[in-house]
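Quick notes on the structure that follows.
The values are calculated or read from the model by the stated rules, or taken from the named source; none is laboratory data. If you're wondering where the values come from, they're calculated on a predicted model, not measured in any experiment. Because the Cβ atoms are built from the backbone with ideal geometry, glycine has one as well, and the counts that use them run over all protein chains shown.
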Amino acid sequence: MDESAAYPTADIASEYLERENKDKQVLAILLEKFMNQKDRILVQKTEMGGTEAYVGSVTLEWLAGRVRFASALPLLQQKYNPQTDNVEIDAESIDEIQQRPLDWSRQLPLAQYLISRKNHKFPPVLVAINQPWVDNSQASEWNSQGIALKSTTNFIPLDKEGKVGLLNVSEEDVTIYALDGQHRLMGVQGLMELLKTGKLQRYKKDKSPDNTFITEADLIEQYNLQPAYLQNLPKEKIGIEFICAVEKGETREQARRRVRSIFVHVNLMAAPLTKGQLAQLNEDDGFSIVARKIAVTHPLLEQQESRNPRVNWNSATVAAKSTVLTTLQALKDMSERYLGQKFPHWKPLDKGLIPMRPEDEELEEGIREFHKLFDYLASLPSYKLLEDEDTPALRRFSFEKDGGEGNMLFRPVGQVAVAQALGILVFRKGFNLDNIFKKLRKFDQQGGFSSMEFPQSIWYGILYDPNKKRVQVAGRDLAAKLLIYMLGGIEDQMERAELRKALADARRVENKTIGFDGNFVEPKQVGLPTIL
């Protein structure tokens with residue numbers, strides 16, 4: 001029997017695979033031919049909400065050199081400030097504004113992110129393609145009624161359905177403007193300047209220089225970067241989506257409204273993350289990583305079926321009726337102010353730059369230290385009350401509905417102030433947590449953290465604002481210094497004198513100073529509290 005007749009399916013499968021491989025080879029040759037054409041980008045055509053778009057990718061170098069900021073659109077040229085790349089807002093231009101003002105203080109951190117993070121990633125950029133005829137009402141591309149006879153995009157389809165093709169982006173024919181992703185563009189431009197010149201100027205928000213630079217040499221040394229890695233950065237590709245500034249059949253005003261509407265919508269949909277959400281997601285900031293770990297593992301904070309949640313994961317504040325003890329943002333702040341004394345290098349060298357993720361060994365050590373701190377905090381009488389009472393009654397002021405203890409340990413600002421003071425005492429002054437908490441437990445037992453809305457409280461005027469009758473965050477640093485003093489951490493007489501003056505100033509209400517007995521006194525009569 002003929003074996004080929006017995007196994008016809010095998011021959012068919014082999015022939016099919018061979019044909020498929022040949023088709024792939026032909027397709028690869030054609031794609032290479034088309035993709036190597038100058039100023040033509042391979043794209044996929046999409047349509048959503050009646051707007052056609054073309055999705056592709058470009059190198060970072062191309063993006064930096066070819067794409068401009070939306071504020072430079074000819075439509076806004078009369079009010080365009082080339083120094084800041086922003087539109088000057090006045091009565092005439094306010095209705096034309098298509099983007100939020102650029103914040104140039106973000107350029108250096110974004111460029112530093114791209115060069116220092118090997119797993120960096122920017123989302124795609126949305127751009128509009130414009131042509132010179134758009135702003136010439138006499139151009140042949142407009143008919144007598146001012147309707148466009150063609151689109152500003154030149155798409156050459158490569159398939160029958162016109163879904164895949166080449167987009168002509170020749171510099172002679174088109175100009176391109178970023179509608180969404182302008183700060184990404186700013187960061188990429190900064191990266192190119194850094195690689196080209198070896199340094200990058202730091203700017204303030206309005207693009208005025210602050211006379212400091214970041215250098216490529218410093219980054220190479222700090223992040224142990226290799227020359228080959230740096231040379232490859234400009235060739236990396238980023239996603240890009242093109243829309244036309246004017247579609248066929250539109251008037252110039254209709255096109256302006258459409259482009260503006262798209263800009264507004266993409267920005268409204270991109271709601272910024274809250275501080276709490278950033279702390280949840282940040283995998284580079286050591287203090288955020290430690291805070292998350294403690295929030296889910298320490299008995300004082302972890303989720304348990306028998307009780308309400310004790311951590312607010314999103315908001316940076318605690319509502320009056322909330323049953324949580326603290327927030328993730330407060331835990332991150334506590335971590336930074338406590339462990340920052342032991343691991344100062346966890347913070348970036350320059351303000352505004354992105355922190356580097358600490359080594360795993362250091363993270364483990366930081367988690368142990370912070371966990372130990374919370375073991376001690378949990379031993380305070382105020383927190384022991386959580387076994388029988390809920391947080392609102394301990395947090396509320398006495399004059400609020402249902403009354404309360406006004407205890408600063410149940411306010412995020414108070415928690416952060418305590419952590420800040422203890423971090424300085426333990427890691428900078430060599431104090432022992434055992435000795436510290438022996439004193440703090442006694443102080444707490446005597447009501448030292450409670451009733452801060454009354455003049456008898458040390459925290460009156462510092463963490464409690466008697467004028468507005470609410471907590472004031474601005475007093476956090478002074479509260480921390482006061483606690484350091486009370487625990488024996490300030491011996492210098494000049495520093496004590498400055499602290500006493502600051503305390504007297506904080507207790508001033510309507511140009512009068514309130515003493516610890518609740519009566520008006522001369523500022524000099526306000527003394528420092530007793531050392532514990």
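Assess whether Ser457 counts as being on the phi > 0 side of the Ramachandran plot, crowded, with 18+ Cβ neighbours inside 10 Å and either at pLDDT 90 or above or part of a loop (DSSP other than H, G, I, E, B) (or both). Show your work before the answer.
Details: on the phi > 0 side of the Ramachandran plot: no; crowded, with 18+ Cβ neighbours inside 10 Å: yes; either at pLDDT 90 or above or part of a loop (DSSP other than H, G, I, E, B) (or both): yes.
Here the answer is no, as Ser457 does not meet what is asked.
Could you tell me whether any residue of region 405-412 is charged (D, E, K, R) and surrounded by fewer than 21 Cβ atoms within 10 Å (Cβ to Cβ)?
As a first pass, look at region 405-412 and keep what is charged (D, E, K, R): 405, 411.
From what is left, the residues that are surrounded by fewer than 21 Cβ atoms within 10 Å (Cβ to Cβ) are none.
The answer is no, given that none of the residues of region 405-412 is charged (D, E, K, R) and surrounded by fewer than 21 Cβ atoms within 10 Å (Cβ to Cβ).
Mind telling me which of the residues Ala111, Ala128 ends up being touching a residue at least 12 places away in the same chain (Cβ under 8 Å) and under 23 Å from the mean Cα position of the chain (by Cα)? Working first, answer last.
Details: Ala128 fails: under 23 Å from the mean Cα position of the chain (by Cα).
Residue meeting the stated conditions: Ala111.
Report those helices (runs of 4 or more DSSP H) wholly inside region 295-412 carrying at least 1 residues which are under 24 Å from the mean Cα position of the chain (by Cα).
Working: elements: 328-339, 360-378, 381-384, 391-395.
In region 295-412, 328-339, 360-378 are the helices (runs of 4 or more DSSP H) which contain 1 or more residues that are under 24 Å from the mean Cα position of the chain (by Cα).
Restricting attention to region 150-177, report how many residues are of a type in the set (Gly, Ala, Ser) and in contact with a Phe, Trp or Tyr (Cβ under 6 Å, 6 or more places away or on another chain).
Taking region 150-177 and keeping what is of a type in the set (Gly, Ala, Ser), we get 151, 162, 165, 170.
From the residues that got through so far, the ones that are in contact with a Phe, Trp or Tyr (Cβ under 6 Å, 6 or more places away or on another chain) too are 165.
Here the count works out to 1.
Quick one: would you say Arg202 is more than 30 Å from Tyr54 (Cα to Cα) and in contact (Cβ under 8 Å) with a residue 60 or more places away in the chain? Reasoning before the result, please.
Values: more than 30 Å from Tyr54 (Cα to Cα): yes; in contact (Cβ under 8 Å) with a residue 60 or more places away in the chain: yes.
Taking the combined requirement at face value, the residue satisfies it.
Name the single residue that is farthest from the chain's Cα centre (by Cα) among those in region 479-517 being among the small types (Gly, Ala, Ser), more than 15 Å from Ile462 (Cα to Cα) and part of a loop (DSSP other than H, G, I, E, B). Reasoning before the result, please.
Filtering region 479-517 down to residues among the small types (Gly, Ala, Ser) leaves 479-480, 488-489, 497, 502, 504, 506, 515.
With the extra rule that they be more than 15 Å from Ile462 (Cα to Cα), the set shrinks to 488-489, 497.
Still in the running and part of a loop (DSSP other than H, G, I, E, B): 488-489.
On the way: Gly488: 38, Gly489: 35 Å.
Ranking the qualifying residues of region 479-517, first place goes to Gly488.
Would you check which residues across region 113-159 are of a type in the set (A, V, I, L, M), assigned to a loop (DSSP other than H, G, I, E, B) and touching a Lys or Arg at 6+ places or on another chain (Cβ under 8 Å) and list them?
Here is the first cut: in region 113-159, the residues of a type in the set (A, V, I, L, M) are 114-115, 125-129, 134, 139, 147-149, 156, 158.
Now narrow it down to the ones that are assigned to a loop (DSSP other than H, G, I, E, B): 139, 149, 158.
The one that is of a type in the set (A, V, I, L, M), assigned to a loop (DSSP other than H, G, I, E, B) and touching a Lys or Arg at 6+ places or on another chain (Cβ under 8 Å): Leu149.
Inspect all residues belonging to region 6-18 and state whether any of them is at pLDDT below 75, in contact with a Ser or Thr (Cβ under 7 Å, 6 or more places away or on another chain) and not β-branched (Val, Ile, Thr).
The answer is yes, given that some residue of region 6-18 is at pLDDT below 75, in contact with a Ser or Thr (Cβ under 7 Å, 6 or more places away or on another chain) and not β-branched (Val, Ile, Thr).
Considering each of Ser105, Ser170 in turn, give the residue that is modelled with pLDDT of 85 or more, of a type in the set (S, T, N, Q) and outside any helix (DSSP H, G or I). Explain how you work it out, then say what you get.
Values: Ser105 fails: outside any helix (DSSP H, G or I).
Ser170 is the lone residue from the list that is modelled with pLDDT of 85 or more, of a type in the set (S, T, N, Q) and outside any helix (DSSP H, G or I).
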